[in-house]
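Here the structure is laid out as structure tokens; the discussion comes afterwards.
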Amino acid sequence: MTMAERVDEVLRAGKAPYFHGLVVLRSGEVVLERYGSGPDHRLGDSLGHVEFDRDTLHDLRSVSKSVVGLLYGIALGEGLVPEPRAGLVAQFPEYQDLVADPARAHLTIEHALTMTLGLEWNEDAPYTSPANSEIAMELAPDRYRYVLERPVIEEAGKRWLYCGGAAALIGGIIARGAGKPLEEYAATALFEPLGVNTFEWSRGEHGTVSAAAGLRLRPADLAAIGQLVLDGGRDIVPSEWLQEMLRPRVLIDQGFEYGYQWYMGTGERRWTGGIGNGGQRLVVQPEDELVVAVTAGEYDQGQTSAVAVLEAVLDA
């Protein structure tokens, strides 16, 4: 069967009940595009039943982190942010007690980029509960202080621990270096040069956009970001940064590693990409010159719909 036949079979059979959108690029050209319908949310806010089409924005959830990784590289190339090995807490000098804490002196920006901060953090609870560290961060009086003052539980750089707070810190460093909010820098540094004309970035309780989860794009524009990575940055993102960003740096599980806010599959089928709550996926497969963007509404439940569609695409 062709790729389109495989995907349509999955959708007809009800194997992807939460499916919302799919765009597949091969060698830079759209080879498959499908859209669905169903209930959707903007972070925690219900949007009701949505009929999705090419122009419908969709939550990327934690794929937002991977976009932030690109923005850091652009800002680094412009001299707006320090090198990854620069001290992390020192970027927030207003917290003098934390800057002076010897237990945190070894923390670097790289530890945030790789989610190896060695700080207490738990996102296992639902993203509707303050028991979830990311939600607690949003409810705290100061999100950056909340992250940086978490108890030190192990040496940084040793173990990957999923942490939306790491992305929040990176977003804050970019905004401070650029002298403008993260979403404004994203618009001029990445989206406009890429031809992305419409996006939203949901704000947290403090009026600052959620670097970890708040970006909303069309699936076609998410695929365009994947193509940008596949193309080596096209003078938008420094190629040297892409090489650094996509170098596996910490093991998550067998054949599954992490770079700078991007995942890598290092098994037989090599890929890199972003993963977001509810079935948001961006997959870049260099060997096949393939980019796949999937959106879904399986929030806080799983990734089964996205996986079913992805497998239908990649098996073809």
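Values quoted throughout were computed directly from the atomic coordinates according to the rules given, and no laboratory measurement underlies them. Because the structure is predicted, anything quoted here is derived from the model rather than measured. Cβ atoms come from the backbone with ideal geometry, glycine included; neighbour counts cover every protein chain shown.
What does the helix-only formula give at 222 nm for the chain: each DSSP H stretch with n ≥ 4 adding -39500 (n - 2.57), the total divided by the residues, and the result rounded to the nearest 500 deg cm²/dmol?
Calculated at 222 nm, the ellipticity per residue is -8500 deg cm²/dmol.
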Three principal axis extents, largest first, for the C-alpha atoms of region 192-300, in Å?
40, 34, 23
Proxy reagent accessibility, fewest Cβ within 10 Å first, across R104, R269:
R269, R104
Just want to confirm a number: the relative contact order over the chain, from Cα pairs under 8 angstrom separated by 6+ residues, in percent.
26
P(r) of the chain over all Cα-Cα pairs, 20 Å bins starting at 0, rounded to whole percent, reads 34, 59, 7, 0
Helix 63-77: inclination vs the chain longest Cα principal axis, degrees, rounded to 10, gives 60
For region 82-175, the Cα gyration tensor yields equivalent-ellipsoid semi-axes (√(5λ), largest first, whole Å) of 20, 15, 13
L215's amide H: which non-local residues (gap 5+, or another chain) put their own amide H closer than 5 Å, with H modeled 1.01 Å from N in plane and none for Pro or chain starts?
L60, R61, S64, S202
Once phi is turned into θ = phi - 60°, what whole-Hz ³J(HN,Hα) does the Karplus curve with 6.51, -1.76 and 1.60 give for every residue of region 141-150, x standing for Gly and Pro?
x, 9, 4, 5, 4, 4, 5, 5, 9, 4
Run the quick spin-label model on E155 and K15: label points 7 Å from Cα toward the beta carbon, then report their separation in nm to one decimal.
4.6
Identify, among Y144, L230, A131, the residue whose Cα sits farthest towards the positive end of the charge dipole of region 128-234, taking +1 on the Cβ of Lys and Arg and -1 on the Cβ of Asp and Glu, with the dipole about the Cα centre.
L230
Once you place label points 7 Å from the Cα toward the Cβ at E51 and D288, how far apart are they in nm?
3.2
Estimated vicinal HN-Hα couplings, Hz - region 192-207 in sequence order (Karplus 6.51, -1.76, 1.60; Gly, Pro = x)
4, x, 8, x, 8, 9, 9, 7, 10, 9, 5, 9, x, 5, 9, x
If each residue's Cβ is checked for other Cβ atoms within 10 Å, how do L215, L70, L169 rank with the fewest at the top?
L70, L169, L215
Measuring from the longest principal axis of the C-alpha atoms of the chain, the long axis of helix 3-12 (C-alpha) lies at a number of degrees, nearest 10, equal to 90
Degrees, to the nearest 10: 164-178 long Cα axis against longest axis of the chain
70
Enumerate the amide H contacts of V250 below 5 Å, restricted to partners 5 or more residues apart or on another chain; note that Pro and chain-start residues carry no placed amide H.
Y258
Which loop-located GluC sites (Glu not before Pro) does region 179-279 contain, where loop means any DSSP state but H, G, I, E or B and the Cβ has at most 12 other Cβ atoms within 10 Å?
E268
Fewest Cβ neighbours within 10 Å first, please rank F191, F256, F19 accordingly.
F256, F191, F19
